[in-house]
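Visitor: Got a structure for you, written out below as structure tokens; questions coming shortly.
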Amino acid sequence: MEAAELSRRLEEFYSVATEVLRDVSGITDQQVKHWIVNPFLVALGWDPVDKRQVYLDFPVKPDGHLDYALLDGQGEPRLVLQVGRPGGGTIDVEAAARRTRSVKAPLLLTTDGQEFSLYYIDTSGSPAPLFVLTLKELAENPEALVGLTVSYRLSDTGIHHLRKAAIRLAVIQMLEENSEKTFDAIVGWVSSQVAPGALDETTEAAIREATMLWLTEEYLALPGFAGGGDGHKASDLRSTSARDWEPFPGGPAGAFQYKFDTTKTLDLRQTPKEIRAALRLQGLRTPTATSFGGFYHALRHRAGLPTAK
């Protein structure tokens, strides 16, 4: 299933699920299953009534069961889905992870109908969170869910794509507030946040890929970072460097004006995100997205303001 088709399906699912949560008071976990989880699985292409795909109350020795197990083409569980009810307390992720590991499934998805949390379950150690998304965020990030669709049947290839997409999503969200760092510093910082300790090949590749994505002009085309509705395209913006800016006469430390048009100003006491937005609003940008960190660092240094390490 392509991301565009999945996006359409998830939008429909979001509309139905929000109506359920709005109209049904005191919703139970069984109602969450029937009215939210099942439609979510349908949006992903799974058939909840086909036991060869979706096994409800999957048995676990000696006398337990899992709410859902999604099966691969050979009938083996690949994803365990545990359900709670909104406001009913948090799901015990560690216990759910142990039960997921007991059936040798690599993925655990938990939900209370309002929030969906996906974990990668390794053979040992704590469950590694891939994403935590609300209903609205599910509909806004279809590319992160393609690996969950029935098209992949949760094969190793599907899980590989799923992990990379989920890690990329987390990395991009992190970088939104930390884009002043250099590439190597970002990679190291993100690695410590996403996967502390030793990195496997998939995680490391995804981190570097997502970091490079952020540090190129491609990020401007992503819906979540598309310039704040100012109408400017990257190709329309005039390139500028730190040399083009001088301290604002009589202004506070951190205030700068553009040499070639003194009506254009910047306040370097603001965050990198705010400075980038201010540049765009004034029709300007740094030569590349990668050079923005140097631009921000140089002007803050000239103003005597603390700079990122």
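The values are calculated or read from the model by the stated rules, or taken from the named source; none is laboratory data. Just so you know, these numbers come straight off a predicted model, no measurement behind them. Glycine also receives a Cβ, built like all others from the backbone with ideal geometry; neighbour counts cover every protein chain displayed.
Visitor: Counting just the residues of region 16-36 that are touching a strand residue (DSSP E or B) at 6+ places or on another chain (Cβ under 9 Å) and crowded, with 16+ Cβ neighbours inside 10 Å, which one comes out nearest to Gly87 (Cα to Cα)?
Guide: So, considering only residues that are touching a strand residue (DSSP E or B) at 6+ places or on another chain (Cβ under 9 Å) and crowded, with 16+ Cβ neighbours inside 10 Å, the one nearest to Gly87 (Cα to Cα) is Asp29.
Visitor: Same structure again: Looking only at region 202-233, which residues are farther than 27 Å from His160 by Cβ and either surrounded by 15 or more Cβ atoms within 10 Å (Cβ to Cβ) or modelled with pLDDT of 75 or more (or both)?
Guide: Leu220, Gly227, His232
Visitor: Which one of the conditions (1) under 27 Å from Glu11 (Cβ atoms); (2) of a type in the set (S, T, N, Q); (3) in contact (Cβ under 8 Å) with a residue 12 or more places away in the chain does Asn38 fail to meet, given that it meets all the rest?
Guide: Evaluating Asn38 over (1) under 27 Å from Glu11 (Cβ atoms); (2) of a type in the set (S, T, N, Q); (3) in contact (Cβ under 8 Å) with a residue 12 or more places away in the chain leaves (3) as the failure.
Conditions (1) at pLDDT below 95; (2) within 23 Å of Glu2 (Cα to Cα); (3) in contact with a Leu (Cβ under 8 Å, 6 or more places away or on another chain); (4) crowded, with 17+ Cβ neighbours inside 10 Å, marked per residue:
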| residue | (1), (2), (3), (4) |
| --- | --- |
| Val54 | no, yes, yes, yes |
| Gly64 | yes, no, no, no |
| Arg98 | yes, no, no, no |
| Ser102 | yes, no, no, no |
| Gly125 | yes, no, no, no |
| Ala139 | yes, yes, yes, yes |
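Visitor: Here are Tyr120, Tyr55: which of them is aromatic (Phe, Trp, Tyr), under 26 Å from the mean Cα position of the chain (by Cα) and closer than 21 Å to Arg153 by Cα?
Guide: Unique residue meeting the criteria: Tyr120.
Visitor: Something else about it: Looking at region 122-168, which of its residues are in contact (Cβ under 8 Å) with a residue 60 or more places away in the chain, polar (S, T, N, Q) and part of a strand (DSSP E or B)?
Guide: none
Visitor: Of all the residues that make up region 96-121, how many are within 20 Å of Ile36 (Cα to Cα) and assigned to a loop (DSSP other than H, G, I, E, B)?
Guide: Residues meeting the conditions: 3.
Visitor: Given the conditions (1) within 30 Å of Thr123 (Cα to Cα); (2) free of Cβ contacts under 8 Å to residues at least 12 places away in the same chain; (3) small (Gly, Ala, Ser), report the number of the one that Ser15 does not fulfil.
Guide: Looking at each condition in turn, Ser15 falls short on (1).
Visitor: Where in region 1-55 are there helices (runs of 4 or more DSSP H), lying wholly inside it, with at least 1 residues that are out of contact with any helix residue (DSSP H, G or I) (no Cβ under 7 Å at 6 or more places or on another chain) and acidic (Asp, Glu)?
Guide: Answer list for region 1-55: 3-23, 29-32.
Visitor: Taking only pairs six or more apart or across chains, which ones have beta-carbon atoms under 7 Å, a first residue in region 249-276 that is within 15 Å of Arg238 (Cα to Cα), and a second residue that is charged (D, E, K, R) and outside any helix (DSSP H, G or I)?
Guide: Tyr258/Lys264; Lys259/Glu246
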